[in-house]
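Everything below concerns the one structure shown next.
Nothing in this text is a laboratory measurement; each read-out follows from the coordinates by a stated rule. Everything numeric in this text was worked out from a predicted model, so none of it was measured. Ideal geometry is used to build each Cβ from the backbone, glycine not excepted, and the neighbour counts take in all protein chains shown.
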Amino acid sequence: MIDNPGKEKNSGYFTKVFPSFFTLLLLIFSISIFLWAEQINRFFSNVVRIQHDRGHEVIQTGPYKYIRHPGYIGGILLVIRTFLEDITLQKELPGYVEYAKKVRYRLLPGVW
């Protein structure tokens, strides 16, 4: 049997790197969907209002072909990313569990 001295050193590498890689992909994907929705919909706005002066119409192409509110999916995915990141920090960052006990809310005070 051949001894592999690097085996123990790299043990668990995938399980440590994958969550970070996955959350990065989730971030890129969520931002991409948001920007795609914004680009396709010339009426995209941060407030709900019917833009009669601009000939507001229903957009049915791009991401709107599949879901009615694609701009929000980016935000939802960012919340999921925050949840996964918090789990990783609690498992791997010394002192984070104690910090999380002191600062109860992850993202929105009083809610979550």
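Only residues that are part of a loop (DSSP other than H, G, I, E, B) and touching a Ser or Thr at 6+ places or on another chain (Cβ under 8 Å): list them for the range 46-89, please.
51 - this is the single residue of the range 46-89 that is part of a loop (DSSP other than H, G, I, E, B) and touching a Ser or Thr at 6+ places or on another chain (Cβ under 8 Å).
For the range 91-112, what are the residues that are over 30 Å from residue 37 (Cβ atoms) and surrounded by 13 or more Cβ atoms within 10 Å (Cβ to Cβ)?
Selection gives 96, 100.
Restricting the range 33-71 to residues that are among the small types (Gly, Ala, Ser) and without any contact (Cβ under 8 Å) to a residue 12 or more places away in the chain, which is farthest from residue 81 (Cα to Cα)?
55
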